[in-house]
Amino acid sequence: MGKIERALMYVLAAALAIALAVTFLGGILKQGEDAVTISVIVHDKDDIQWKKFKMGMDQAAAEYNAEVNFVTLYDRNDVGQQAELMEREAENGAQAIILSPAGDGELLEALEEASVQVPLILIGGRLESEKVKREITADQRAMGYDLGMAMKKDGVEKCVIYTGDGTQSFIKDRLEGMLQAFETSGVSCTVTREQPETYFWQGIEAVAALDDSLTMELCTDGMFYYYGKKVYGFGSSDQLLKYLDDGELELLMYVNSYDEGYLSLREAVREIKKDKRGEESTVLAYYEIRRERIYQSRYQKLLFPAS
């Protein structure tokens, strides 16, 4: 071994030793830091649709030394309950709240009247309030538009759009995008808040549900698939991917909820620590997932982050 090679080897060994020392010291310092406390309040009454979100959130919590309290509602989309829970979590020591809003107008009024002073990190929706410091969401209108155009490409000419109570901004934005797509492509549609089986015999070819729980509801029912009606929807749960794989779901508009969970927790920690890195608004990518894409290698890490 020449002098140059030997010198390079010593330099690399010294650099490696320094890197290991810095990593070790960083770990000791982090252990000595007090953990920050963050509450996550979603609009659902259970966490079935939030498994991947929680995986990403837990990963970020481990990295950023955060204690997380994940809170669901007693009744889905109950604005009053969500407002009360925000106050309760803040009073119990939450330093920031990650919020999936149950509505927009009513919740905004309740929020302005509430005594919540901790920063809010918004996921999946819009809420025009000074208390909202950062947002993590996909382009909901674009998702709706792309779904509408995909349905037209599949040959759909008459369909039903299922909105549920439709109070959330992301439902309204998705609906607006779909209606724009149908207006330009000539698809005839009916918009309903009620379970769309009442339209079953009126010549419809497909039904689209505008959130994960509504999509699950249609797939669990099974009637549309049984009678040859195509089902389209939004969501990211493994159960919806199973329905897609079984052919009961035609297309799923999929947002990387693992990233959503990770990024929302990271941004909450940054806000607590007055760290101004990052953007006030983070736009997540979305994907059109059909059955043939489930097992393609390029989608494996996206669809099955635990694998």
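The values are calculated or read from the model by the stated rules, or taken from the named source; none is laboratory data. Just so it is clear, the structure is predicted and the values come from calculations on it, not from any experiment. As a convention, Cβ positions derive from the backbone with ideal geometry for all residues, glycine included, and neighbour counts pool all protein chains shown. What goes into the accessible areas is simple: the full protein's heavy atoms, side chains included, and nothing from ligands, DNA or RNA. Shrake-Rupley method; radii C 1.70, N 1.55, O 1.52, S 1.80 Å.
Between residue 245 and residue 183, what length comes free when the chain is fully extended (0.36 nm per residue of separation minus the Cα-Cα distance, one decimal in nm)?
Values: separation 62, 0.36 × 62 = 22.32 nm, distance 3.06 nm.
The span from residue 245 to residue 183 would gain 19.3 nm if fully extended.
Between the Cα long axis of helix 79-91 and the first principal axis of the chain there is an angle of about 10°, rounded to the nearest 10.
So which of 54/131; 131/301; 52/158; 131/153; 52/131; 52/152 end up more than 32 Å apart by C-alpha? Please report the intermediate quantities before stating the final value.
On the way: 54/131 24 Å; 131/301 34 Å; 52/158 34 Å; 131/153 42 Å; 52/131 27 Å; 52/152 30 Å.
In this structure, 131/301; 52/158; 131/153 lie more than 32 Å apart at Cα.
For the stretch 238-274, which chymotrypsin sites (Phe, Trp or Tyr not before Pro) pass both filters: DSSP loop (anything but H, G, I, E, B) and at most 16 other C-beta atoms within 10 Å?
Working: sites: 243, 254, 258, 262; in loops: none.
The qualifying sites: there are none.
Under the combined filter of DSSP loop state and at most 11 neighbouring Cβ atoms within 10 Å, the stretch 42-92 retains these chymotrypsin sites (Phe, Trp or Tyr not before Pro): 74.
Looking at the chain, which longest stretch skips every one of the GluC sites (Glu not before Pro) that is in a DSSP loop with at most 11 other Cβ atoms within 10 Å, leaving the sites themselves out? Show your work: numbers first, answer last.
Values: sites that count: 33, 128, 130, 194, 279, 280.
Of all site-free stretches, the longest is 34-127.
For the chain, the longest principal axis of the Cα atoms and the long axis of helix 212-221 meet at an angle of about 50 degrees.
Couplings 3J(HN,Hα) for the stretch 95-104, derived from phi with the Karplus relation 6.51 cos²θ - 1.76 cosθ + 1.60 (θ = phi - 60°), are 8, 7, 10, 8, 10, 9, x, 7, x, 10 Hz, where x marks Gly and Pro.
Using Cα-Cα distances under 8 Å and only pairs 6 or more residues apart, what relative contact order does the chain have, in percent? Present the calculation step by step, with values, prior to reporting the outcome.
On the way: 547 pairs, mean separation 58.2, N = 307.
Once normalised by length, the contact order is 19 percent.
Relative contact order for the stretch 183-307: 19 percent, from Cα pairs under 8 Å spaced at least 6 residues apart, divided by residue count.
Just the number, please: carbon plus sulfur as a percent of the accessible area of the stretch 106-265, 1.4 Å probe, no ligands or DNA/RNA counted. Working shown, then result.
Details: 3010 of 6600 Å².
Result for the stretch 106-265: 46 percent of the exposed heavy-atom area is carbon or sulfur.
Which one of 99, 219, 142 is farthest out on the positive end of the charge dipole of the stretch 99-223, using unit charges on Cβ (Lys, Arg +1; Asp, Glu -1) and the Cα centre as origin? It is 142, whose Cα lies furthest towards the positive end.
Name the shape class, rounded, prolate or oblate, that the alpha-carbon gyration tensor gives for the chain, where a ≥ b ≥ c are the square roots of its eigenvalues, rounded holds for a/c under 1.5, and otherwise prolate holds if a/b is larger than b/c and oblate otherwise.
Working: a/c = 2.59, a/b = 1.50, b/c = 1.73.
Here the chain falls in the oblate category.
Distance from the alpha carbon centroid of the stretch 272-290 to that of the stretch 76-143 works out to 17 angstrom.
Our estimate of slack between residue 295 and residue 129, defined as 0.36 nm per intervening residue step minus the Cα-Cα distance, is 55.6 nm.
Indicate, rounded to the nearest 5 percent, the antiparallel portion of the DSSP beta bridges found entirely in the chain. Please list the in-between numbers first.
Details: 4 of 40 bridges.
Around 10 percent antiparallel, to the nearest 5.
Give me the 1.4 Å probe accessible area per residue for the stretch 128-174, excluding ligands and nucleic acids, in Å². Show your work: numbers first, answer last.
Values: 1840 Å² over 47 residues.
Here the per-residue accessible area is 39 Å².
Computed over the stretch 25-163, relative contact order equals 21 percent, with contacts defined as Cα pairs under 8 Å that lie 6+ residues apart.
The long axis of helix 169-185 is offset from the longest Cα principal axis of the chain by roughly 60 degrees.
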